[in-house]
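Read through the structure below, which is laid out as structure tokens, and then see the notes.
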Amino acid sequence: MKKMYFTITGTKHYHGQDFLKKGMTVRLEKEPDNAYDKEAIKVLLKGLDKIGYVANSPYTTLGESFSAGRLYDKIGKVAEGKILYVVAEGALCCVTKKRMK
């Protein structure tokens, strides 16, 4: 599987990002009923539920990250990722499982 990177953004609207650490596993879930973005992908962390979204703007993606729109058709309804780096602008992650049951 070719590596697919994504950025977690919007954490300030939930729990912040001070607790995010390299190596943490996150769950990606498509949110097709999102009123603002039909390609929204929410990011969840076990025990906290939603912590943010996959960035969907060239202004909010980090490095070689895929936007949610580019990632949307490459993953299943639910996927898994791992946090690689946490910086002030967000957390850079890599998709580890494209489809989960």
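The values are calculated or read from the model by the stated rules, or taken from the named source; none is laboratory data. None of the values given here were measured: they were computed from a predicted structure. Cβ sites come from the backbone with ideal geometry, for glycine too, and all protein chains shown count toward neighbours. Note: accessible area is taken over every heavy atom of the protein model, side chains too, but ligands, DNA and RNA are not part of it. Shrake-Rupley method; radii C 1.70, N 1.55, O 1.52, S 1.80 Å.
Kindly list the number of the only condition in (1) touching a strand residue (DSSP E or B) at 6+ places or on another chain (Cβ under 6 Å); (2) outside any strand (DSSP E or B) that fails for Glu39.
Glu39 satisfies all of (1) touching a strand residue (DSSP E or B) at 6+ places or on another chain (Cβ under 6 Å); (2) outside any strand (DSSP E or B) except (1).
Mind checking which residues of segment 31-45 are under 18 Å from Ser67 (Cβ atoms), open to solvent by 40 Å² or more (accessible area, probe 1.4 Å) and not aromatic (Phe, Trp, Tyr)?
Of all residues in segment 31-45, those under 18 Å from Ser67 (Cβ atoms) come to 31-32, 34, 36-43.
Still in the list and also open to solvent by 40 Å² or more (accessible area, probe 1.4 Å): 32, 36-39, 42.
Matches in segment 31-45: Pro32, Asp37, Lys38, Glu39, Lys42.
Can you tell me which residue among Leu20, Leu28 is part of a loop (DSSP other than H, G, I, E, B), in contact with a strand residue (DSSP E or B) (Cβ under 6 Å, 6 or more places away or on another chain), of a type outside the set (Asp, Glu) and surrounded by 15 or more Cβ atoms within 10 Å (Cβ to Cβ)? Write out each step before concluding.
Working: Leu28 fails: part of a loop (DSSP other than H, G, I, E, B).
Unique residue meeting the criteria: Leu20.
Considering each of Lys42, Lys46, Lys3 in turn, give the residue that is modelled with pLDDT under 95 and under 15 Å from Lys98 (Cα atoms). Give the derivation first.
Working: Lys42 fails: modelled with pLDDT under 95; Lys46 fails: under 15 Å from Lys98 (Cα atoms).
Of Lys42, Lys46, Lys3, the one residue that is modelled with pLDDT under 95 and under 15 Å from Lys98 (Cα atoms) is Lys3.
How many of the residues making up segment 46-101 are open to solvent by 10 Å² or more (accessible area, probe 1.4 Å), part of a strand (DSSP E or B) and more than 20 Å from Lys12 (Cα to Cα)?
Total meeting the criteria: 6.
I need every pair where a residue in segment 81-92 that is closer than 12 Å to Gly16 by Cα has its Cβ under 6 Å from the Cβ of a residue that is part of a strand (DSSP E or B) and open to solvent by less than 60 Å² (accessible area, probe 1.4 Å), sequence separation at least 6 or different chains.
Within 6 Å, the pairs are Gly90/Thr7; Gly90/Ile8; Gly90/Thr9; Ala91/Ile8; Ala91/Ile83.
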